[in-house]
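Okay, so here's the structure we're looking at.
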Amino acid sequence: MKHIAAQAGVDRSTVSLALRNHPSLPAKTNARIQHIARQMGYRPNPLVAALMMHRAKPLGVEPTATIAYVTELPADQSGLRLRNPVQRAMRQGLALRASALGFRIEEFHVGQAGMSSARISDILIARGICGIVLGPRTGEKHEPLHIDWDRFACVSLGSKYLEEKIDYVCTDHYQNMRLISERCRQLGYRRIGLVLRKELSELLEHRFHSACLLDQTDQPMGERCAPLIEPHNLPWPERTVEWCRAERPDVIVSTISELGQEWLKLAAGLPGRPAVVSVSVEEQNGVIAGIFQDGAQLGAMALELVAARVQHNEIGVRPVRRSYLLDGVWVEGISCPPKKPKARHKNP
């Protein structure tokens, strides 16, 4: 700040205020000093800022840096109140790892009470918070986030953000589909059918779809089952029933957990009574078989990545996006039991 003050021709205290975008200074003054600071390669160190703030607090209060958790979810669905078990586990893993590393998490909700992403960006800059974990996308269509990415160390959790080359932590959907195919074949199933909404498949970069197609090419023609990838507004279950009658899957792979009981009832009435497997098992209660995504571990990974960048003062978007993928784990369930071999009739 001493060097910036000399370059700008102002006092060091003025630089301190300008870098915090303090309203006591004219906007033009703040902008000019911030521009000079950027040209000189200045980057705020959040840990030093936390230590300086600690000097004004009572003795015994430990200095901590804040990492922002920015989510599209409304405030009444955050933290422990999240209805989705995987997202709830992500949030818990994030908080636990932050506490262990000496950080604290503060939530910001895009769209809550007029809180836009641009407004959140301004608040974080003013408060010297430069670490952000972006929460999972909550749907297929999104408004772009207006955040000054060059001012933050940022990682997205659970899904990929396309606005910038932001690093992200996610379950490995491709590997999960490979695991599903492998386990189903071990259980005796041959015609493995994938059913996904087109919008969801696109959001996941068609990782399930591509893994399924690769698996199909390794099987005899008589055991191949064309995937059903349909738009979100497909008439369910009518279109699925038509597909089942045409492709004759002996196991259906889909987002079963969203409609668990409905899927089980549907499968029970289909020819051949196919088994069902979920690409994301929300509750390991032995009912739905499929892939368990360790949300707590994903949350911890995201926090560790942001914390490391904050501690090393590595602010801004990387020139190349980095992806951190976590394998899912197969869990057994009565929805996909071992398949009994067909009895052979002996000639008299």
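The values are calculated or read from the model by the stated rules, or taken from the named source; none is laboratory data. Just so you know, these numbers come straight off a predicted model, no measurement behind them. Here Cβ is always computed from backbone atoms with ideal geometry, including for glycine, and neighbour counts include all displayed protein chains. Remember, those area values only see protein heavy atoms, side chains included, never the ligands or the DNA or RNA. Shrake-Rupley method; radii C 1.70, N 1.55, O 1.52, S 1.80 Å.
Have a look at His209, Cys170, Leu270 and report the one farthest towards the positive end of the charge dipole of the stretch 149-284, computed about the Cα centre with Cβ charges (Lys/Arg +1, Asp/Glu -1).
Leu270
Using a 1.4 angstrom probe on the protein heavy atoms only, line up Lys2, Lys165, Lys340 by accessible area, largest first.
Listed by decreasing accessible area, they come as Lys340, Lys2, Lys165.
7 Å from Cα along Cα→Cβ at both Thr217 and Lys340: what's the point-to-point distance in nm?
Distance between the two pseudo-spin positions: 3.8 nm.
Could you work out how far apart the two model spin labels at Thr29 and Arg12 are, taking each label as a point 7 Å from the Cα in the direction of the beta carbon, and quote it in nm?
Distance between label points: 1.8 nm.
For Ser117, tell me the accessible area in Å² from a 1.4 Å probe, rounded to the nearest 10.
About 10 Å², rounded to the nearest 10.
Can you list the HN-Hα couplings for the stretch 169-186, worked out from phi with the Karplus curve (6.51, -1.76, 1.60; θ = phi - 60°), rounded to whole Hz and with x for Gly and Pro?
These are the phi-based 3J(HN,Hα) values: 10, 7, 6, 7, 5, 4, 5, 5, 5, 4, 5, 4, 4, 4, 5, 5, 5, 5 Hz.
Using the Cβ atoms and a cut-off under 13 Å, what net charge is assigned to the surroundings of Ala18, where Lys and Arg are +1 and Asp and Glu are -1?
Charge balance in the 13 Å sphere: +4.
Going by amide H atoms built from the backbone, whose H comes under 5 Å of the H on Glu107, apart from near neighbours?
Tyr69
So if we plug the beta-carbon distance of Ala246 and Leu200 into 1/(1 + (r/R0)^6) with R0 = 25 Å, what FRET efficiency do we get, rounded to 0.05?
Once rounded, the FRET efficiency stands at 0.70.
Could you work out the local net charge near Ala300, counting Lys and Arg as +1, Asp and Glu as -1, over the other residues with Cβ closer than 13 Å to its Cβ?
Here the count lands on 0.
Counting Lys and Arg as +1 and Asp and Glu as -1, each charge on the Cβ, what is the dipole of the stretch 142-196 about the Cα centre in debye, to the nearest 20?
Dipole of the stretch 142-196, to the nearest 20 debye: 720 debye.
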